[in-house]
Amino acid sequence: MSVRYEIGDHPEDAGEDTAKPKRPVIPAMLRGASGRCMKCGEGRLFEGFLKVRDTCSSCGEEFHHHRADDAPPYFNMTIVGHIIVPALLIVEVMWRPAIWVHMALWIPLTLILAFGLMRPVKGALIALQWALYMHGFDPDAEDDLPVPDPALQDRR
Ligand SMILES: [Zn+2]
């Protein structure tokens, strides 16, 4: 899929009620899931297997605002579990294979799915945060973490 305009720059993306341009969620999440910058679709989102770049190498969009935290593994486990468990039960009910067949089938499949979905799920969640202007992705937002008042610190 090749979209040449940057999300947020297209005239149809401009919201009427807000000053900030609308960022379509699904296209952004698809770009994030493919490991690409959710804004331009060109630059890379990750610099390691799961390490997120600070900025887009192509358009300069800042990625360091993301707060994916433990949401990607949560959704990863939910997705993998909803694939493996029904498949395992269907195979057991229909064919009743030996236990070693189950072990040989489901353990590798679970590992392949879990590792294979790590980057797409994390990329999609970071793109979701970006599209919804969450955390530091909102240029108008104040800092996420409150800045401690130096006057209060002296009173301890
Ligand atoms: Zn970019």
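This table checks each residue for (1) surrounded by 15 or more Cβ atoms within 10 Å (Cβ to Cβ); (2) under 26 Å from Glu142 (Cα atoms); (3) over 14 Å from the mean Cα position of the chain (by Cα); (4) not aromatic (Phe, Trp, Tyr).
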position	(1), (2), (3), (4)
Cys40	yes, yes, yes, yes
Gly43	yes, no, yes, yes
Phe49	no, no, no, no
Asp54	no, yes, yes, yes
Cys59	no, yes, yes, yes
Glu62	yes, yes, yes, yes
His66	yes, yes, no, yes
Pro72	yes, yes, no, yes
Test Val121 against the stated conditions and say whether it is more than 16 Å from the ligand (Cβ to nearest atom), within 11 Å of the chain's Cα centre (by Cα) and closer than 30 Å to Asp140 by Cβ.
-> yes
Would you point out the residue of the range 1-38, among those that are at pLDDT below 95 and outside any loop (DSSP other than H, G, I, E, B), that is nearest to the ligand (Cβ to nearest atom)?
-> Asp13
Could you check how many residues of the range 56-83 are at pLDDT below 95 and either in contact with a Pro (Cβ under 6 Å, 6 or more places away or on another chain) or of a type in the set (Ser, Thr, Tyr) (or both)?
-> 1
Please tell me if Pro120 is surrounded by 11 or more Cβ atoms within 10 Å (Cβ to Cβ) and outside any helix (DSSP H, G or I).
-> no
When you scan the range 39-61, how many residues do you find that are more than 6 Å from the ligand (Cβ to nearest atom) and touching a residue at least 24 places away in the same chain (Cβ under 8 Å)?
-> 6
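The values are calculated or read from the model by the stated rules, or taken from the named source; none is laboratory data. Worth saying up front: this structure is predicted, and the values here are computed from it rather than measured. Backbone-built Cβ (ideal geometry, glycine too); neighbour counts: all protein chains shown.
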